[in-house]
Amino acid sequence: MRSSASKNAPAPRPAPGRRRKEDDDAPTPVARHASAEALDTPVDAEDVVAPADADHGRWTVASAGYATGSQAATSGPGAGGSAADGEARTPLPSLVEAGIGLGVVGLLGAIAVGASTKASASPSPLNPVKPVDPIKPVDPVKPIDPVNPVNPVDPVNPVDPVNPVDPVNPVDPVNPIDPVSPVSPIKPVNPVKPVNPVDPVRPVDPVVPERTTFSTSNAHVIEAYEGTRELVFLVQRSGDISQPGSVRYSAQSEKRTTSSDDLTGVLTGTVTFEAGESQQLIRLKVKGDYLKETDERVSVKLHDPVAGTLGRAEGDGTIHEIDVTRLQAAYGLRDLNPELNAPAIRVRRSSDSQELDIGFDAHGQLDRQKLLDFVGSDSGAKGFVKVWYDQSGHSRDMTASVPALQGVIVDGGKIVTRADTSAAISFNAGRNGENFDTMTATGLAADDWRSAVIYANVQSEGTQNGTLFNLGEAKSGRLSVHFPAQDKVSFDVRSSESHRLDWNPGAPEALLESANDMVFEIHSGNRTAGNEALNYTDASEAIFQNGHRVASHGEESTPGEFATTSRWRLASHDDSGDRTYYQQAMYNEFLVYLAKDNSTPSMQHLIGTAQDDVLSYAGEQDLKRIDGLAGHDTLYVAGTATLDLTRFSAGIKNVEQFWLDNGDANTLQLTARTLSDLAVKTLEIRLDAKDRVEIDQVAVPIDGTLMNRLQTLSPTMQFKIIVDGQPVMG
């Protein structure tokens, strides 16, 4: 579309050196005004004023001291203004005779400047205010351009005021060339990308599709006693998702001991995405049981992507049995409490006794690379554990300040491991000289405990009589385990004479070279030795090896209450210094739960990690809090559970997606407060058409009505609702 201004634009000027035929017949143009040098002060552009009778082509220069058009034919009164005091003026030679043409706006005339007989006092006949300088009259050769009065017009190479032409480097109107950076007319500059001209032979597509990437989340589920639960990983596809794609996966339990696997069903498969789909789920079945064990880890690995590449290809799943936030102490060589962000151990190296804290890798395991980089990998390198940090949040760290008493985690440039390859701290196996390695912590003292559950993932390294741990007094008032003593494993509560539970593994050698996850449990409120169908978890006192009960007894041998002291020990019984009695064992994990009621550390807080997480909820009544922590987290509802956000006393926080699209009918109950407590900016809700949503206990249709209601309820949040895979608009 043409600009309206083009109607009034001057006609294109012919190329230099060429003359139009119509120019031969045209009258010779007349110079329009005097040179700027002939004026007392430079002429400003604003001084040029259009004439009132523009049809006659007359112009007036308000203050320049000259006249143009028909007024310039004569001087004196009536010719460009009346002369002051009626004085007569002597006209200068007409500039018409000079043959200088301006050809601007069709004006014809001559500039006449009269030399006053009283030059110093008489004003110009053209401008009564500014007199003409008689010393510097107007230069008839270089008349002044009225449009640009500061830059006089060159009569040889007059400049077009609209499209000025450089006479040295004239511009080619077809292929204009920049005289500074000339561009070849064959490859002109791309006006969109002038810095990177487009090659006409191999043009560049300015739109580059994003790479398609497949990534997986972490996953968390609470193991049930019966039935099954779902451990769910969210596979996300990012980048260009306009085409179908797929990726294969394989899942594997990292169960290190001989107890049965909690995973069941198909552990491999393919995740398929239709065009436009960005999320799919991997659902793994977890069977419930009464085994006593620590949390189980599961890994899911993506591989063989189709129409895409791998991003975060490995996800970490956790089957939770123990709520670490309820423990009195938690020592481990894996990340037991992502909320705490604490290291695992403090290590002293043998080469120069320098010390360093060692934490966890991206998968929550001990950072072995950092450990070996610090200690060294040569045959003489050793790493000693000075501090084993408490991950319960109570800061009850196990310490060994005396170098001669420190356990060993790197021996001969290699990390000490149990038979299942899990990292471990070795005590009293000859790795640190004389066998009297031990660690102590400032524990929690009380004399009215009624329940204790103590987890020790260990491996025996000798048959010497010793104490695995002691949280109480040396004799009466003890809470200890001998592993072994007199060829047996003994669990003592209060006294070795009246309240001891023994387990005979057959021979002390039976514990050698085997990773054993041991649990020692006591409940003063229980009355029997337990029920076999429940794996004797209801016993008064019991010992479990790799999840299974190996010994138990009833209330006749269990005290009503028992005690602990403020000095807790690993690998030693007391401070007597008896060096004939020491524990030869590797420790991978040591957890302590104490309670003044009849209870266990069942899950009350389901917590995610710093990565993307899926937290599965199946209606567990003991849960008080669900927190995704960081990343983009999803709360997956399994089965036919109702997700009532108001029933969680500690709230649901840091969850960006509720996933109820599971094939069953579910109910989601929300309020303005529970939405605010989520502490997120966006919330996506995925539903089946048969699901139900209630806001303030009133059912809301799962269509645009729900979107509008949510936006009204929480205007600062952004919502996305998907029903049976289709987005719902408000």
Fill in the blank from the handout: For the range 527-544, pairs from a residue that is in contact (Cβ under 8 Å) with a residue 24 or more places away in the chain to a residue that is assigned to a helix (DSSP H, G or I) and open to solvent by 20 Å² or more (accessible area, probe 1.4 Å), with Cβ under 6 Å and 6 or more apart or across chains, are Arg527/Glu555
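Out of all the residues in the range 570-583, is one or more surrounded by 22 or more Cβ atoms within 10 Å (Cβ to Cβ) and part of a strand (DSSP E or B)?
yes
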Practice task
For the range 506-524, name all the residues that are closer than 19 Å to Glu541 by Cα and open to solvent by 30 Å² or more (accessible area, probe 1.4 Å).
Solution key: none
Problem - Flag if Gly269 is more than 28 Å from the chain's Cα centre (by Cα) and farther than 30 Å from Ile721 by Cα - result: no
Handout entry: strands (runs of 3 or more DSSP E) (entirely within the range 355-468) containing at least 1 residues that are of a type in the set (Lys, Arg)
Key = 382-388
Handout entry: Close pairs (7 angstrom Cβ cut-off, 6 or more residues apart or separate chains): among the basic types (Lys, Arg) in the range 298-322, part of a strand (DSSP E or B) anywhere
Key = Lys301/Tyr249; Lys301/Ser250; Lys301/Glu314; Arg312/Ser215; Arg312/Thr216
Practice task
Look through Ile722, Ile702 and report the one residue that is of a type in the set (A, V, I, L, M) and in contact (Cβ under 8 Å) with a residue 60 or more places away in the chain.
Solution key: Ile722
Handout entry: Candidates Thr716, Thr640 - the one that is assigned to a loop (DSSP other than H, G, I, E, B) and closer than 24 Å to Leu234 by Cα
Key = Thr640
Practice task
Answer yes or no: is there a residue in the range 389-399 that is farther than 27 Å from Glu561 by Cα and in contact with an Asp or Glu (Cβ under 6 Å, 6 or more places away or on another chain).
Solution key: yes
Completion exercise
The one condition Ala595 fails out of (1) closer than 27 Å to Ala446 by Cα; (2) more than 48 Å from the chain's Cα centre (by Cα) is (2)
Handout entry: Single residue of Arg418, Arg368 found to be open to solvent by 20 Å² or more (accessible area, probe 1.4 Å), in contact (Cβ under 8 Å) with a residue 40 or more places away in the chain, touching a strand residue (DSSP E or B) at 6+ places or on another chain (Cβ under 7 Å) and over 15 Å from Tyr331 (Cα atoms)
Key = Arg368
Completion exercise
Scanning the range 690-730 for residues that are surrounded by 14 or more Cβ atoms within 10 Å (Cβ to Cβ) and among the hydroxyl-bearing types (Ser, Thr, Tyr) gives Ser714
Fill in the blank from the handout: Selection over the range 485-515 where residues are under 28 Å from Thr421 (Cβ atoms) and touching a Ser or Thr at 6+ places or on another chain (Cβ under 7 Å) yields a count of 5
Exercise for the section: Kindly check whether there is at least one residue in the range 296-305 that is open to solvent by 30 Å² or more (accessible area, probe 1.4 Å) and in contact with a helix residue (DSSP H, G or I) (Cβ under 7 Å, 6 or more places away or on another chain). Expected result: no
Exercise for the section: Determine the pairs where a residue that is farther than 20 Å from Ser649 by Cβ and open to solvent by 20 Å² or more (accessible area, probe 1.4 Å), located within the range 605-633, has a partner that is assigned to a loop (DSSP other than H, G, I, E, B) and among the charged types (D, E, K, R) with Cβ atoms under 6 Å apart, the partner being 6 or more residues away or on another chain. Expected result: Gly631/Asp612; His632/Asp612; His632/Glu656
Completion exercise
Only one of (1) open to solvent by 30 Å² or more (accessible area, probe 1.4 Å); (2) modelled with pLDDT of 90 or more; (3) among the small types (Gly, Ala, Ser) does not apply to Gly530, and that is (1)
Handout entry: Every residue from the range 667-683 that is surrounded by fewer than 19 Cβ atoms within 10 Å (Cβ to Cβ) and either assigned to a strand (DSSP E or B) or touching a Cys at 6+ places or on another chain (Cβ under 8 Å) (or both)
Key = Thr667, Gln669, Thr682
Completion exercise
For the range 323-349, the count of residues that are among the aliphatic types (A, V, I, L, M) and either without any contact (Cβ under 8 Å) to a residue 24 or more places away in the chain or in a strand (DSSP E or B) (or both) equals 4
Practice task
Would you mind finding the one in Arg709, Arg673 that is of a type in the set (Lys, Arg) and out of contact with any strand residue (DSSP E or B) (no Cβ under 6 Å at 6 or more places or on another chain)?
Solution key: Arg673
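The values are calculated or read from the model by the stated rules, or taken from the named source; none is laboratory data. Just so we're clear, the structure is a prediction, and the values are computed from it rather than from any experiment. Cβ: placed from backbone, ideal geometry, glycine included. Neighbour counts: every protein chain shown. For accessibility, only protein heavy atoms count, side chains too; no ligands or nucleic acids. Shrake-Rupley method; radii C 1.70, N 1.55, O 1.52, S 1.80 Å.
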